[in-house]
1. Within region 54-74, which residues are more than 15 Å from Val90 (Cα to Cα) and touching a residue at least 40 places away in the same chain (Cβ under 8 Å)?
2. Which residues, counting only those in region 100-150, are closer than 20 Å to Gly63 by Cα and of a type in the set (A, V, I, L, M, F, W, C)?
3. Going through region 25-61 one residue at a time, which ones are assigned to a strand (DSSP E or B) and either at pLDDT below 95 or loosely packed, with under 14 Cβ neighbours inside 10 Å (or both)?
Amino acid sequence: MRSLVAPCLLLAALAATAHADGPCPRVTAPHDPVCRPFAAMLLPTAFAGIYQPRGDLGTWMGGGLEAVLPAWSDNSPAFGPSQGKVRFDVGLYRSTKDGMGLMTTYRGGAQVSFERNASRAWLIPYFAADVGGQWRDGHHGFVDGGGGLYLLHRRSAIIDLEVTYQIPFSQTDDLSGLRMRLAASFALW
């Protein structure tokens, strides 16, 4: 998992400098769907995730469901990030190490893009921050933060790849570690 961090950071750096067709609003294409702002509520999301704690607990793999409370896109010169979402998720993970059982997680937080006017619907880098908890051998709260890429950010679907570092409130030496996830959100209406 740690070998995936460098390629993800490189992709984020490349995406941050990616050339769009010019800033929105586009005079040449005033009805370009990328330039139309939107807000969506309660987007159902499924995700697959990997968690690599520092302790001798193995690599945890699993998935879960997420509710995107609001998501938005506003490629304009207006102040603030052009894309983002506020989310709450629950997940179930199993370790590659025998005898570790299952781990349940929950977390809530936000993603906000680096760019004010991305002027595209793909490869948009973002920051992420969350607070949550996990159960395996008792409850352990944590915070995590990191970054990712909106591989696609459209009105009908959002696909994002995220890498964060988890810092627990207890058992820091064992439970601190990297998290990586791929999520897909779809608008049902």
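The values are calculated or read from the model by the stated rules, or taken from the named source; none is laboratory data. Just so it is clear, the model here is predicted, and its values are computed rather than measured. Cβ placement follows ideal geometry from the backbone for every residue including glycine, while neighbour counts extend to all protein chains displayed.
1. Just the residues of region 54-74 that are more than 15 Å from Val90 (Cα to Cα), to begin with: 54-59, 70-74.
If the condition is that a residue be more than 15 Å from Val90 (Cα to Cα) and touching a residue at least 40 places away in the same chain (Cβ under 8 Å), then Arg54, Gly55, Asp56, Leu57, Gly58, Thr59, Ala71, Ser73 are the ones that fit.
2. Result: Met100, Leu102, Met103, Ala110, Ala128, Ala129, Val131, Trp135, Phe142, Val143, Leu149.
3. Scanning region 25-61 gives Phe38, Ala39, Ala40, Met41, Leu42, Leu43, Pro44.
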